[in-house]
Amino acid sequence: MLLRLRLAILLGSWRDDIATERERWAYWLPVLLGVGIGIYFWLPFEPHLWVMAALTLMMFICWYRLRQAEPWSQIAIAGLALFLGMLAASVRTNAIYSPMLDRSMGPLLIEANVAERELRENGSRLLLENIVFERRQADRPALHQLRLTLRTTVAPNPPPVGARIKVLVNLLPISEPSAPGAYNFRLQAFYEQVGATAIALRTPEVINPVAQEVSMAESWRNAAATRIHNTIGGAEGAIAVALMTGERGAIDEKTNEDMRKAGTAHMLSISGMHIGMVGGFVFFLIRSLLALHPAVALHYPIKQIAAVIALAAVVGYTWLVGAPIPAQRSMLMAGLVFVAILLDRQALSMRSVALAASIILLMFPESLLNPGFQMSFAAIVMLIAAYEWWRLNKTKDEHMGWGLRAWRYVLGIIITSVIAGLATMPFGAWHFHRLQLLGVLGNLIAMPLTGILVMPPLVLAYVLLPFGLEQPALYVMGLGLQGVTDSAAWVGSLPGADVNAAQFGLLPLLVMTAGGLWLAIWQRRVRFLGVALILIGLLLVPLKQSPVALISSEGQVAIRGLDGHLYYERPPRGLIARDWSRAYDSAHEGQAWRLASSGVNCDVLGCITSADIAIVKRAEALAEDCQRARLVIAPDIRVRACAARVIDRQALREHGSHVLYADGSMDTVRTSSARPWQPYYKASVSYSGATTQPDAPAP
């Protein structure tokens, strides 16, 4: 009885805390939008747009009728936000729909315009649009865009942006996830309206070098890249090009890997850090210059003037780097900060983050599934929560010396890195199967270098480039970047810098995310329930079984051997084997299974494993394997009848990659082909005014 009484008192206290923090209830609206968007992408079928619109309208009417009745009005608002998220995702899918290639085709001769060009370490990659096949056939989808890979041996001098080219290519479908939970490149490509990838078989022929007008930003990017390479060069020059133009393809793999291990890979792509540093530098520079003139400082709102100029600088920087979606998200966040300064409101608050998240989710619902979106908002939400706590508990010190200021700056970087690292760690482990345990040390070195010797010279280089006077600024920027790369190489070489994390289920990630949001949004004692949720999520992580067999949609097979490691039917290569090794066998690179420790015996007809799994290479082995095995894997054969459980060519076509566990349960990448980004999708609704036709089935 006493325990029940204490529990009732505690629950009542928490309920009172939540009621007291009524002004923070609105911060849960973007969370509910995200839940609705997540439900849309989780559904095994494509919901009709009018159904989503009707449900949203119904919830709006319920809220309007119940707006004076609590708590029903709050429940109606929550339902409205949830269905609005589903509607936004449905509208976005409807608006950008374009067909995607489902099977390899070629060689084909195509004509297309070069919309984007990205120089890479071993060649280049082009984004092509206005695509025309030499001989148009009914089974060729009307691709909106495709990405063309040009190796250096085929095209040492890739065609410029704006050119109309003719090229012989092999068309390839964009691959699905290598396993359930792996990153879905095909989904990302769908929302970028890229329908296929292509490999050039010969040097492209430039039909018209100026077939379409090249934007001013693209011309500037090309000129800036050339000058940066001439001034800095090397890995530092490639990073400078990435920071100033958005093209990061020329960064060599060693530099990428060093910075991943050091936890500083976020510096290689345009993110909130770069946008914030550019805006902050311009804001404080302009405000300081204006404050030097007493007449100006006393008679004009120099803070607001500096905010307007900084906002223009942020927009211009985003435009110059090509305005990728992550940069647009960061620009929106920075824009809200400077608008708050213009209105004399608190610049950085949970309110501005909630507003930015809501706008982004409504405009780009697919961002919810993007690791960059998840990690950036996880970091900023936890940092603002920590700042709010510090602001409420800090003590003022008007006589702070330079030594103490320097120590607080270093301590601030350490605390920021720790909080951001802990906030993003679950998402990094789930998506990339890697933990950077020394990320605090890497960022402690790299962040001051970037904030002092990289981003301010970058802004000055922008100003000086039109006059040809950018060399001094680029030289200083190169020194800063050399310090960043050298420190990343050193930190990455330390023991324990980079640790692999095995694949775990989606449920632990969702529980930890809910706990983090609960901890960050509330401010009273009730927030500490979030810590309990995070701990529960961590306890759920080890419950994920290790698979005994993996089969990719392309037919690659891996079996867990007697020693616990993965062994492959063929020598592992490419992204599939890399992803499988990181997710399911982090201490082992994978080998062919002609080893005794694999527990697999093979002949010309197929293989049988110690777990009674048969891998069939020829149809002649089906009769025997179907009788003695509990599972038959036949990736190249269509099995008509079999006493055992079967994963054949048809199963892989319908469900994609498979993961089999020891208890007989199985996960697949998809339950059907009923979503527009999935292979062999047969549209039954009209998109963008035209009803699509299914692509020809795979042979």
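Here are the numbers for the structure shown:
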| quantity | calculated |
| --- | --- |
| Residue in the range 418-428 that is in a helix (DSSP H, G or I), in contact (Cβ under 8 Å) with a residue 40 or more places away in the chain and more than 29 Å from V321 (Cα to Cα) present | yes |
| Candidate set from the range 650-699 (those that are among the basic types (K, R) and out of contact with any helix residue (DSSP H, G or I) (no Cβ under 9 Å at 6 or more places or on another chain)); member that is modelled with the highest pLDDT | R653 |
| Some residue of the range 67-79 being at pLDDT 90 or above, closer than 23 Å to L368 by Cα, under 22 Å from the mean Cα position of the chain (by Cα) and not hydroxyl-bearing (S, T, Y) | no |
| Criterion (out of contact with any strand residue (DSSP E or B) (no Cβ under 7 Å at 6 or more places or on another chain) and open to solvent by less than 30 Å² (accessible area, probe 1.4 Å)) met by exactly one of I445, I419, I452, I413 | I413 |
| Count of the range 81-136 residues which are among the charged types (D, E, K, R) and assigned to a strand (DSSP E or B) | 7 |
| Which listed residue, of A577, A611, is modelled with pLDDT under 80 and either within 17 Å of A634 (Cβ to Cβ) or outside any helix (DSSP H, G or I) (or both) | A611 |
| Residue that is modelled with the lowest pLDDT [pool: residues in the range 580-604 that are within 18 Å of Y183 (Cα to Cα) and crowded, with 20+ Cβ neighbours inside 10 Å] | D585 |
| Selection count, the range 113-140, where residues are touching a strand residue (DSSP E or B) at 6+ places or on another chain (Cβ under 8 Å) and open to solvent by less than 60 Å² (accessible area, probe 1.4 Å) | 14 |
| For R345: the one exception among (1) farther than 28 Å from I239 by Cα; (2) at pLDDT 85 or above | (2) |
| Residue in the range 290-301 that is at pLDDT 85 or above, touching a helix residue (DSSP H, G or I) at 6+ places or on another chain (Cβ under 7 Å) and part of a helix (DSSP H, G or I) present | yes |
| All positions within the range 255-279 that are closer than 23 Å to L311 by Cβ and not in a helix (DSSP H, G or I) | S269, I270, S271 |
| Hits in the range 248-265 (condition: at pLDDT below 80 and within 19 Å of M455 (Cβ to Cβ)) | R248 |
| Residue that is most open to solvent (accessible area, probe 1.4 Å), among those in the range 609-643 that are under 40 Å from the mean Cα position of the chain (by Cα) and farther than 25 Å from L566 by Cα | R638 |
| Residue that is modelled with the lowest pLDDT, among those in the range 545-574 that are open to solvent by 70 Å² or more (accessible area, probe 1.4 Å) and within 19 Å of A182 (Cα to Cα) | R573 |
| Residue satisfying all of: in the range 331-365; farther than 17 Å from V31 by Cβ and not hydrophobic (A, V, I, L, M, F, W, C); surrounded by the most Cβ atoms within 10 Å (Cβ to Cβ) among these | G335 |
| Matching residues in the range 250-286 - criterion: being under 27 Å from S493 (Cβ atoms), open to solvent by 10 Å² or more (accessible area, probe 1.4 Å) and of a type in the set (G, A, S) | A250, G263, A265, S269, S271 |
| E218 being farther than 24 Å from T424 by Cα, under 22 Å from the mean Cα position of the chain (by Cα) and of a type in the set (D, E, K, R) | no |
| Exclusive hit being modelled with pLDDT of 90 or more, within 29 Å of G181 (Cα to Cα) and assigned to a helix (DSSP H, G or I), set P542, P508 | P508 |
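The values are calculated or read from the model by the stated rules, or taken from the named source; none is laboratory data. Being a predicted model, the structure only gives us computed values, none of them experimental. FYI the Cβ positions are ideal-geometry reconstructions off the backbone, even for glycines, and counts take in every protein chain you see. We work out accessible area using only protein heavy atoms, side chains counted, and drop any ligands, DNA or RNA first. Shrake-Rupley method; radii C 1.70, N 1.55, O 1.52, S 1.80 Å.
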